[in-house]
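I have placed the structure first, in the form of structure tokens, so that the comments after it can refer back to it.
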Amino acid sequence: MTLLTEPKRKPYNTGLRDPETVSGSHNRVLKAVFTNLQRYSLHDGPGLRTILFLKGCPLSCLWCSNPETQNFQPELLYSPNMCIGCGSCLQACGYGAVSVQGKKMAFDKGKCTVCGDCVDACPTAAVSVAGKLIGVDEAVEALEADAVFFRRSGGGVTISGGEPSQHPDFTAEVLKKLRKRGIHTAVETCGYAEVRRLFRTVEYADLVLYDLKIADPEGHKKATGADNAVILENAKKISAEKEIIFRIPVIPGYTDSKENLTAIARLVTGIKRQPEVHLLPYHAFGTGKYQGIGKEYKLPEVEPPSEEKMQECKRIFEDKKIAVKLL
Ligand code: SF4
Ligand code: SF4
């Protein structure tokens, strides 16, 4: 089954002016742009999970490990380490977007229409397109293919991103159909959305994985691009209606201070009685993707936290009688 529904020659970004033109119900085109469908995940809800990563996020966290999901539009990904310099992409491109730079290639984003011709021409998969349109039924079919694993492991489907609340109707309709088939459903969200939009996004989610990063509003804004007031307000409202787990990325020098984690512990106990928290250690797996999409990675000096440090962070929550798990 192919997941790509767009005609080959049509640029991917045609008609994708904002997320609502893709996934909003007003134009009856319930599609969304996704970057990846990842199977057998153990960290994004109970049991074995299949995760659909949607594209487009209102935040831009400095440590983001999926930078190709931030932009709403499909975009070209170039991996120089896989490039053998054969020049096939240069010949294939009808838009003058490819040039030679030393032994490697350069792709001009201003000229590139993301038509995908260079992707087809490349013999080593050094170029790819991050982001494809997918419809609700197509997504449901691909996601429920793992139903046997869900049943055996107590798992299910998690919609992540990017930010699912940028595709509220699409997310709701996909999860509604999966739920009807008896599949456990979850949404991972940064919580930065207009509240009705967020409620629509999680309407058919059995579980909400809700990210909290930095308690101090100014610090939050510096590291993510937005104040956390809306996020905290929404957390209260969502947790009153939904099963929720708070997820905190442990980013050395940014979120891992005793002061920040103590403040977050205080916040989650204020938001919900007997909250559950998951701590996610920083990893640098996504750094290569920044180069691939022509962005600068802002935290090259940060190292993953040690096991000892993670235990220290965990104790901050345990001391406050908060159920906490290291992922
Ligand atoms: S996707 Fe490739 S072939 Fe198409 S315009 Fe961009 S660089 Fe050229
Ligand atoms: S076609 Fe692929 S391998 Fe050949 S130069 Fe272009 S990116 Fe490199």
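Determine if the stretch 85-99 includes at least one residue that is surrounded by fewer than 22 Cβ atoms within 10 Å (Cβ to Cβ), within 16 Å of the chain's Cα centre (by Cα) and of a type in the set (S, T, N, Q).
no
Yes/no per residue for (1) more than 10 Å from ligand 1 (Cβ to nearest atom); (2) β-branched (Val, Ile, Thr); (3) within 19 Å of Lys289 (Cα to Cα):
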position: Phe53; (1), (2), (3): yes, no, yes
position: Leu62; (1), (2), (3): yes, no, yes
position: Gln70; (1), (2), (3): yes, no, yes
position: Gly87; (1), (2), (3): yes, no, no
position: Lys103; (1), (2), (3): yes, no, no
position: Val114; (1), (2), (3): no, yes, yes
position: Asp146; (1), (2), (3): yes, no, no
position: Ile159; (1), (2), (3): yes, yes, no
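Would you list the helices (runs of 4 or more DSSP H) that sit entirely within the stretch 76-169 and hold 3 or more residues that are in the same structural domain as His43 (by TED's automatic domain parsing), modelled with pLDDT of 95 or more and over 24 Å from Gly286 (Cα atoms)?
Of the helices (runs of 4 or more DSSP H) lying wholly inside the stretch 76-169, those with at least 3 residues that are in the same structural domain as His43 (by TED's automatic domain parsing), modelled with pLDDT of 95 or more and over 24 Å from Gly286 (Cα atoms) span 136-143, 147-153.
Is there a residue being farther than 30 Å from Lys104 by Cβ, part of a helix (DSSP H, G or I) and either touching a residue at least 12 places away in the same chain (Cβ under 8 Å) or aliphatic (A, V, I, L, M) (or both) anywhere in the stretch 273-286?
No, the stretch 273-286 has no match at all.
Out of the residues in the stretch 234-244 that are touching a residue at least 40 places away in the same chain (Cβ under 8 Å) and not in a loop (DSSP other than H, G, I, E, B), state the one that is surrounded by the fewest Cβ atoms within 10 Å (Cβ to Cβ).
Glu241
Within the stretch 275-327, which residues are among the hydrophobic types (A, V, I, L, M, F, W, C) and in contact with a strand residue (DSSP E or B) (Cβ under 8 Å, 6 or more places away or on another chain)?
Those that are among the hydrophobic types (A, V, I, L, M, F, W, C) and in contact with a strand residue (DSSP E or B) (Cβ under 8 Å, 6 or more places away or on another chain): Val277, Leu279, Leu280, Ile293, Met310, Cys313, Phe317, Ile322, Ala323, Val324, Leu326, Leu327.
Name the residues in the stretch 296-317 that are surrounded by 14 or more Cβ atoms within 10 Å (Cβ to Cβ) and of a type outside the set (A, V, I, L, M), would you?
Tyr297, Lys298, Pro304, Pro305, Lys309, Glu312, Cys313, Lys314, Phe317
The values are calculated or read from the model by the stated rules, or taken from the named source; none is laboratory data. Keep in mind that this is a model prediction, so the values were computed, not measured. Neighbour counts run over all protein chains shown; Cβ positions are idealised from the backbone, glycine included.
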